[in-house]
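The values are calculated or read from the model by the stated rules, or taken from the named source; none is laboratory data. It should be emphasised that the depicted structure is a prediction, and the values quoted were computed from it without experimental measurement. Every residue, glycine as well, gets a Cβ built from its backbone with ideal geometry; the counts of neighbours run over all protein chains shown. Note: areas computed on protein heavy atoms with side chains; ligands, DNA, RNA excluded. Shrake-Rupley method; radii C 1.70, N 1.55, O 1.52, S 1.80 Å.
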Amino acid sequence: MVRPVRAIVIAALVLLVAFAAAWSSLALWYRLPLPEVGRQASAILFGLFGAWVIVALFGRRRFRAVLAFAAAFVIVLFWWSTIKPQADGAWAPEVARQVTGEFDGDLLTLTNVRDFEWRSATDFTERWTTRSYDLNALKSVDMFMSYWSGPTIAHVIMSFGFDDGRYLAWSIEVRRLSGGAFSPLADLFKNSPLVILAADERDVIGLRANFRGEDVQIYRLKASPAAARLLLREYVSDANALAVTPAFYNSLTTNCTTTIVKMMRVAGDVVPTDWRLVVNGYLPEYAYDRGALDTSVPLSQLRSAAHIAARAHDDGLSPNFSQTIRVGVPSPQGAL
C-alpha cells in the first residue's frame, strides 16, 4: 500500500508544482517592474526552478525541493498581493471616466454617461453627459451579446429601457491605457483596471455593430420592473464603489459576465454554476434554459431575430437607433 500512496502523492505534487510554476512565471513576465529582458529572464528562471523541483520529486531530495519551492512561491504570492490597480492614468478616451450615480428617492442622476459620436472605429467626438432617470419608469432589461472572436466568446452589455423610450446601456470593460491593446491572457495577471460604463446605445452598441464589425445580438429578458430596478441599483452601487476603490479586470473572475452574474444574485436571482457563464458565447442558451427569455418561441427563432447588424447599418446611428434595432425582435410581455 505504501508505494501506491506515494505515487499518488508525488503525482499530486507534480501537478501542483507545475501549475504554481507556470502561474508564477507568467505573473513575473507580465507584472515584474523590470525591463523586458529582466522580466523574461525571471520568468524563465522560475520555470526552470519548477522543472528542477518536479525532477527532484522522484529522488531522495524531494522534501528539500518542495520546501524550497514552497518558500519561493510564498515570496511570489506576497509580492503579488502588493500590486494594486492604478487610480489615474493616460486612459484611452472611451474608458477615461468612471460613471457614478446618486439617488434621490427613485430619481437616479448619473454623472459621466458616455455619449460619443462615432464616425469610424477611431474617429469620434468625445461627449460625457449627466442624465436623470425615474426608476418608476423603468420597464425592461435587454441583454446584448457582441461576438468579437467567434461563437464562443462575446462581450455582454445590459440595457435598461424606460417608458419614455430611452435606453441606458451598461458595459463592464478593461480600462486600457491610450494606445494599449486588449489581451485576455495578460488580463489574468493584473494587467488592467476594471471600468463600468453607462452609455447611450447609439454609442456603445453602435460602435460595435457599425464600426468594429462585431456580430451584435439582442435578447429581451423576462424581468419584472421591480427586479430591473434592483439590478440597476446594484450597477450604480458597484460603479460608485469602483470610483472610490479601483479593482483589476480579470478575464475569468472579474469580467463582463461574472460581474453581471454577481449583480443578478444580489438582485435576488439564484444563478447556478454553469460552464456557459465562462464560455459566455452560449449565454443565450443558458438564459433560455433558465426561462429568462421568451420561451413561447423556439430559441432558434430568437437567435435569428437577434442579429442587429443590418438594422443598425441601415439606421446609421439616428435618434431612433434603439427602436430600429429592436424591430422584429420577440419581446416578453411588458418589454418596451
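For the stretch 267-287, the count of residues that are out of contact with any helix residue (DSSP H, G or I) (no Cβ under 7 Å at 6 or more places or on another chain), at pLDDT 90 or above, buried (at least 17 other Cβ atoms within 10 Å of the Cβ) and not polar (S, T, N, Q) is zero. Quick check on this structure: which one of Phe46, Phe78 is touching a residue at least 12 places away in the same chain (Cβ under 8 Å), of a type in the set (Phe, Trp, Tyr) and either at negative phi or out of contact with any strand residue (DSSP E or B) (no Cβ under 6 Å at 6 or more places or on another chain) (or both)? Going through Phe46, Phe78 in turn, just one is touching a residue at least 12 places away in the same chain (Cβ under 8 Å), of a type in the set (Phe, Trp, Tyr) and either at negative phi or out of contact with any strand residue (DSSP E or B) (no Cβ under 6 Å at 6 or more places or on another chain) (or both): Phe46. Within the stretch 184-199, does at least one residue satisfy the condition of being more than 17 Å from the chain's Cα centre (by Cα) and of a type outside the set (S, T, N, Q)? No, every residue in the stretch 184-199 fails to be more than 17 Å from the chain's Cα centre (by Cα) and of a type outside the set (S, T, N, Q). Among all positions in the stretch 144-153, there is at least one residue which is more than 19 Å from Ser251 (Cβ to Cβ), at pLDDT 95 or above and open to solvent by less than 20 Å² (accessible area, probe 1.4 Å).
All conditions in (1) at pLDDT 95 or above; (2) part of a helix (DSSP H, G or I) hold for Pro4, with the sole exception of (1). Here are some conditions: (1) of a type in the set (A, V, I, L, M); (2) touching a residue at least 40 places away in the same chain (Cβ under 8 Å); (3) not in a loop (DSSP other than H, G, I, E, B). Ile83 meets all but one. Which one does it not meet? Every listed condition holds for Ile83 apart from (3). The residues on offer are Ala154, Ala227, and the sole one that is touching a Gly at 6+ places or on another chain (Cβ under 9 Å) and closer than 30 Å to Ile83 by Cα is Ala154.
Considering only residues in the stretch 118-130 that are touching a strand residue (DSSP E or B) at 6+ places or on another chain (Cβ under 9 Å), free of Cβ contacts under 8 Å to residues at least 24 places away in the same chain and closer than 13 Å to Pro93 by Cβ, the one that is most open to solvent (accessible area, probe 1.4 Å) turns out to be Arg127. Of the residues screened, Ile75 is not one that is assigned to a helix (DSSP H, G or I), open to solvent by 50 Å² or more (accessible area, probe 1.4 Å), modelled with pLDDT under 95 and not hydroxyl-bearing (Ser, Thr, Tyr).
May I ask you to verify whether Leu230 is on the phi < 0 side of the Ramachandran plot and over 17 Å from the mean Cα position of the chain (by Cα)? Yes; evaluated as a whole, the condition is true for this residue. Residues that are open to solvent by 20 Å² or more (accessible area, probe 1.4 Å), touching a Lys or Arg at 6+ places or on another chain (Cβ under 7 Å) and farther than 20 Å from Val141 by Cα: does the stretch 293-311 have at least one? No, the stretch 293-311 contains no residue that is open to solvent by 20 Å² or more (accessible area, probe 1.4 Å), touching a Lys or Arg at 6+ places or on another chain (Cβ under 7 Å) and farther than 20 Å from Val141 by Cα.
Pull up the stretch 42-65, narrow it to residues that are more than 24 Å from Leu32 (Cβ to Cβ) and part of a helix (DSSP H, G or I), then point me to the one that is least open to solvent (accessible area, probe 1.4 Å). Filtering the stretch 42-65 for residues that are more than 24 Å from Leu32 (Cβ to Cβ) and part of a helix (DSSP H, G or I), the one least open to solvent (accessible area, probe 1.4 Å) comes out as Ala56.
Residues of the stretch 11-21 include at least one that is small (Gly, Ala, Ser), part of a helix (DSSP H, G or I), surrounded by fewer than 14 Cβ atoms within 10 Å (Cβ to Cβ) and at negative phi. Going through (1) open to solvent by less than 60 Å² (accessible area, probe 1.4 Å); (2) more than 23 Å from Tyr249 (Cα to Cα); (3) among the charged types (D, E, K, R) one by one, Glu94 falls short only on (2).
Taking the criterion of being among the hydrophobic types (A, V, I, L, M, F, W, C), modelled with pLDDT of 90 or more and not in a strand (DSSP E or B), would at least one residue in the stretch 101-123 satisfy it? Yes, the stretch 101-123 contains a residue that is among the hydrophobic types (A, V, I, L, M, F, W, C), modelled with pLDDT of 90 or more and not in a strand (DSSP E or B).
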